[in-house]
Structure formats: C-alpha cells, structure tokens
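Undergrad: Structure incoming, see below.
Every read-out reported here was derived from the displayed coordinates using simple, explicitly stated rules and does not represent laboratory data. Predicted model only: the values in this text are computed from it and were never measured. Backbone-built Cβ (ideal geometry, glycine too); neighbour counts: all protein chains shown.
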Amino acid sequence: MLKEIRFSDHAKLKIDLLRDRNVAVSEVFTIDVVRSPDKLEVAEEDKRVAQKRLNEKLVLRVVYREYESFILVITLYPGKRSRYEKD
C-alpha cells in the first residue's frame with residue numbers, strides 16, 4: 001500500500017508562490033515526483049530530495065521526510081537542469 005503524502009503549510013505556500021511566478025507546479029505533480037523521481041538523494045536528518053524534470057530548463061526538487069505511516073513534503077523548489085542533472 002502506498003503511504004499517504006501530506007504537505008506542510010510551507011510546501012503549500014511554495015506551490016502557490018511558484019504558480020504566481022508562472023511555474024506550473026501542482027500537488028499532483030509533486031506527489032508524482034516523490035513516488036517516481038528521476039533522481040533521489042538522501043540529505044541530512046533522514047530527509048530525502050526527489051527530483052524530476054519540469055521543463056526543458058528546470059527540474060523540480062522536493063524535500064520530504066518519510067515516517068512510518070505517511071510522507072511529509074517539507075518544501076519544493078525549481079532548479080536549473082544544468083546544475084542538478086550533472087550525473
């Protein structure tokens with residue numbers, strides 16, 4: 001069974017801010033990034049950073065923490081593909 005994905009207030013705010021700046025990001029796309037990322041990194045304090053291509057120039061990076069019964073999206077941000085797709 002797939003774990004429920006919850007969004008922190010900060011993550012919801014970021015989605016709205018990005019939309020206001022014409023970066024098309026939705027909760028549905030964010031969940032897709034977490035469930036099937038192009039790239040996954042383990043960060044400090046058991047945080048994970050999932051990444052997926054957003055468009056020709058950008059990737060979306062989603063920082064989350066996995067708990068026993070759910071996943072919490074902490075924040076998300078766009079990044080330049082040239083910076084984050086170096087592998």
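Undergrad: Just to confirm the filter: which GluC sites (Glu not before Pro) across the chain are DSSP coil and have at most 12 other Cβ within 10 angstrom of their Cβ?
TA: Numbers: sites: GLU4, GLU27, GLU41, GLU44, GLU45, GLU56, GLU66, GLU68, GLU85; in loops: GLU56, GLU68, GLU85.
Qualifying residues, ordered by number: GLU56, GLU68.
Undergrad: Hey, another quick one. Sequence neighbours fewer than 8 away in the same chain don't count; with that in mind, list the aspartates and glutamates whose C-alpha is under 17 Å from LYS80.
TA: Here the aspartates and glutamates satisfying the reach criterion relative to LYS80 are ASP38, GLU41, GLU56.
Undergrad: Compute the normalised compactness of the chain: alpha-carbon radius of gyration over 2.2 N^0.38 Å, N being the residue count. Intermediate values should be presented prior to the final figure.
TA: Values: Rg = 12.4 Å, N = 87, 2.2 N^0.38 = 12.0 Å.
This ratio for the chain stands at 1.03.
Undergrad: Now, a different point. Considering amide H positions built from the backbone, and no H for Pro or chain starts, which residues 5 or more places from LYS39, or on another chain, come under 5 Å of its amide H?
TA: Sorted by chain and number, the residues that satisfy this are GLN51.
Undergrad: Which chymotrypsin sites (Phe, Trp or Tyr not before Pro) in the chain pass both tests, a DSSP loop state and at most 12 other beta-carbon atoms within 10 Å? Intermediate values should be presented prior to the final figure.
TA: Details: sites: PHE7, PHE29, TYR64, TYR67, PHE70, TYR84; in loops: TYR67.
Taking the chain and a limit of 12 other Cβ atoms within 10 Å, the loop chymotrypsin sites (Phe, Trp or Tyr not before Pro) found are TYR67.
Undergrad: Quote the FRET efficiency, to the nearest 0.05, computed for ARG35 versus LYS12 with a Förster distance R0 of 25 Å and r equal to the Cβ-Cβ distance.
TA: Working: r = 18 Å, r/R0 = 0.74.
The value I calculate is 0.85.
Undergrad: By count of other Cβ within 10 Å, fewest leading, how are ARG48, ARG35 ordered?
TA: ARG35, ARG48
Undergrad: Positive end of the dipole of the stretch 1-83, charges at C-beta (+1 Lys, Arg; -1 Asp, Glu), about the Cα centre: which of ALA50, SER69, PHE7 has its Cα farthest in that direction?
TA: Ranked along the dipole, the leading option is ALA50.
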